[in-house]
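Notes to accompany the following structure.
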Amino acid sequence: MSDEVFCQTELNYVTAQGIEPKDVTILNGRMSASGGGWEHRGFELFAHHSNVLNWDDDNEVANLYYREMTSLAKALSGCTHALMEGHINRNPNQAVVHPDYAPIQFVHSDFTETYGKAICEYYESDEDGPRNALKRANVAPEAVRASKRILILQFWRNVGEPRMDLPLAICDAESVSREELQDFHVSSYAGGDFGFDTFGVLAPRTDDQHRWFTFPEMTAQEVLTLRTYDSERAALGKPFWTPHSAFHDPNVSVGNPARKSIEVRATCLFE
């Protein structure tokens, strides 16, 4: 096995009948010569210092980390505003609170072409999340619908042990066609009222068609950026999706150690 290969494992693709496990090769993103950055292949790893000391403290995360990620979203995208309305801790304790907070173990990309309309309606609602995000950014609800472009950047950070049982695999967006994406509706996520359409990903026709990567032994001073929606690319028929999934690291037993990660999502607006 070359240094570029991290492991052989199974990923759960979707079918009309449910889930189809498929053997895949996960490449080591730190060693791979394949580039392109988040604007092309949909993801990119950055060194990024955070001043957060306690990732389990929701107030500290909201008061400090949201500002840090807002600044990063603006720097990466050049957007006018970046709205940060919540975060998700994925760890065993949170998975007990709600199963949706466990690592997601099927191949998906978060949002379809309909997300632009859905996110405009969300920020015009009376939900606490969007209200607080608009207030933090000093932005009126109308600014979302008036935005010339809406880009969603998700920031994934490992805040647990460097090697974990269910790390994140990310697929090169340009290796997945629209025909391989199956739309389905999520009426509620973790008990929330916001419904949206998401993509399940169909198994590739050939074994090497989808190019999968992971970044081993991430620290809390690194952040992985994923593009999960872009109204501009969607209008042009270009890939705006970034398929991803948790996967079993064959060299780590389940729960020893369990994954601890945090995710925030920036809604980037362009005037």
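The values are calculated or read from the model by the stated rules, or taken from the named source; none is laboratory data. The model shown is predicted, which means the values in this text are computed figures rather than measured ones. Here the Cβ is made from the backbone with ideal geometry for all residues, glycine too, and neighbour counts use every protein chain on show. Keep in mind that these areas ignore ligands, DNA and RNA; they rest on the heavy atoms of the full protein, side chains included. Shrake-Rupley method; radii C 1.70, N 1.55, O 1.52, S 1.80 Å.
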(request) Being closer than 30 Å to SER253 by Cβ and more than 17 Å from the chain's Cα centre (by Cα) is the filter here, so list the residues in the stretch 159-179 that pass it. (result) GLY160, GLU161, PRO162, ARG163, MET164, ASP165
(message) Which residue is surrounded by the fewest Cβ atoms within 10 Å (Cβ to Cβ), if the candidates are limited to the stretch 6-31 and must be of a type in the set (A, V, I, L, M, F, W, C) and touching a strand residue (DSSP E or B) at 6+ places or on another chain (Cβ under 6 Å)?
(response) ILE19
(request) Check off (1) out of contact with any Phe, Trp or Tyr (no Cβ under 7 Å at 6 or more places or on another chain); (2) outside any helix (DSSP H, G or I); (3) open to solvent by less than 30 Å² (accessible area, probe 1.4 Å) for HIS40 and give me the number that stays unchecked. (result) (3)
(message) Which condition from (1) assigned to a loop (DSSP other than H, G, I, E, B); (2) open to solvent by 20 Å² or more (accessible area, probe 1.4 Å) is the one that THR70 breaks?
(response) (1)
(message) Please go through the stretch 45-67 and give me each residue that is closer than 29 Å to ARG145 by Cβ and surrounded by 14 or more Cβ atoms within 10 Å (Cβ to Cβ), ordered by number.
(response) VAL61, ALA62, TYR65, TYR66
(request) Consider only pairs whose beta carbons are under 6 Å apart and that are at least six residues apart or on different chains; among these, list those whose first residue lies in the stretch 231-248 and is more than 20 Å from LEU202 (Cβ to Cβ) and whose second residue is in a helix (DSSP H, G or I) and at pLDDT 95 or above. (result) SER231/GLY116
(message) I'm trying to understand the selection: among the residues of the stretch 81-97, which are open to solvent by less than 50 Å² (accessible area, probe 1.4 Å) and either closer than 23 Å to TYR122 by Cα or small (Gly, Ala, Ser) (or both)?
(response) HIS81, ALA82, LEU83, MET84, GLY86, HIS87, ILE88, ASN89, ALA95
(request) Looking for whichever is within 29 Å of LYS135 (Cα to Cα), among the charged types (D, E, K, R) and modelled with pLDDT under 95 here; the options are GLU60, GLU85. Which one fits? (result) GLU85
(request) Could you tell me whether the stretch 81-88 includes any residue that is of a type in the set (A, V, I, L, M), part of a helix (DSSP H, G or I) and touching a residue at least 40 places away in the same chain (Cβ under 8 Å)? (result) no
(message) I'd like to verify a number: residues in the stretch 106-127 that are out of contact with any Asp or Glu (no Cβ under 8 Å at 6 or more places or on another chain), under 12 Å from VAL144 (Cβ atoms) and either in a strand (DSSP E or B) or of a type in the set (A, V, I, L, M) (or both), how many?
(response) 1
(request) Within the stretch 128-141, identify whether any single residue is outside any helix (DSSP H, G or I), touching a residue at least 24 places away in the same chain (Cβ under 8 Å) and over 30 Å from LEU11 (Cβ atoms), and answer yes or no. (result) yes
(message) Could you check the stretch 102-120 and list, in sequence order, the residues that are more than 17 Å from ALA234 (Cβ to Cβ) and without any contact (Cβ under 8 Å) to a residue 40 or more places away in the chain?
(response) ALA102
